[in-house]
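Undergrad: Sharing a structure with you now.
The values are calculated or read from the model by the stated rules, or taken from the named source; none is laboratory data. All values derive from a computational prediction rather than experimental measurement. With ideal geometry, Cβ positions are generated from the backbone for all residues, glycine too; neighbour counts draw on all protein chains shown. For the accessible areas, the whole protein counts, side chains as well, though only heavy atoms, and no ligand, DNA or RNA atoms are used. Shrake-Rupley method; radii C 1.70, N 1.55, O 1.52, S 1.80 Å.
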Amino acid sequence: MGGRDMWDTGRLCYGGDYNPEQWPTEVWRQDVTLMRAARVNLVTVGVFAWSRLEPEPGRYTLDWLDRVLDLLHDGDIRVALATP
């Protein structure tokens, strides 16, 4: 990676589970704003998301997850992607 590891920032990781699939998409941006205000810098995503990721056998929907990950990245919040 050419030097510093992405986790080597000298910052303490602080956060918890984030389950955006349980909320309307309209509140996700506000969620990130509130996380930033609380100094959250790491969230776990996808813990309970299987039914949203595969709503029926063999049909996967990942667009919502892409949007969430982009919002968190733009908010400088790291993600631990869970295995649902």
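Undergrad: Between residues in region 23-39 that are in contact (Cβ under 8 Å) with a residue 24 or more places away in the chain and residues that are assigned to a loop (DSSP other than H, G, I, E, B) and open to solvent by less than 100 Å² (accessible area, probe 1.4 Å), which pairs lie under 8 Å by C-beta distance while being six or more apart or on different chains?
TA: Close Cβ pairs satisfying both conditions: 32/75; 32/77; 33/75; 35/75; 35/77; 36/75; 36/76; 36/77.
Undergrad: Looking only at region 43-59, how many residues end up being farther than 14 Å from residue 15 by Cβ and in a strand (DSSP E or B)?
TA: 2
Undergrad: Any idea which residue in region 13-38 is modelled with the highest pLDDT, counting only those that are part of a loop (DSSP other than H, G, I, E, B), out of contact with any helix residue (DSSP H, G or I) (no Cβ under 8 Å at 6 or more places or on another chain) and surrounded by 11 or more Cβ atoms within 10 Å (Cβ to Cβ)? It would help to see each step written out before you state the result.
TA: Initially, region 13-38 is screened for residues part of a loop (DSSP other than H, G, I, E, B), giving 13-14, 19, 23-24, 38.
With out of contact with any helix residue (DSSP H, G or I) (no Cβ under 8 Å at 6 or more places or on another chain) added as a condition, the list becomes 13-14, 19, 24, 38.
Checking the rest, the ones that are also surrounded by 11 or more Cβ atoms within 10 Å (Cβ to Cβ) come to 13-14, 19.
Working: 13: 88, 14: 91, 19: 95.
Here the residue is 19.
Undergrad: List the number of the failed condition for residue 10; all other conditions in (1) of a type outside the set (Asp, Glu); (2) at pLDDT below 95; (3) surrounded by 10 or more Cβ atoms within 10 Å (Cβ to Cβ) hold.
TA: Evaluating residue 10 over (1) of a type outside the set (Asp, Glu); (2) at pLDDT below 95; (3) surrounded by 10 or more Cβ atoms within 10 Å (Cβ to Cβ) leaves (3) as the failure.
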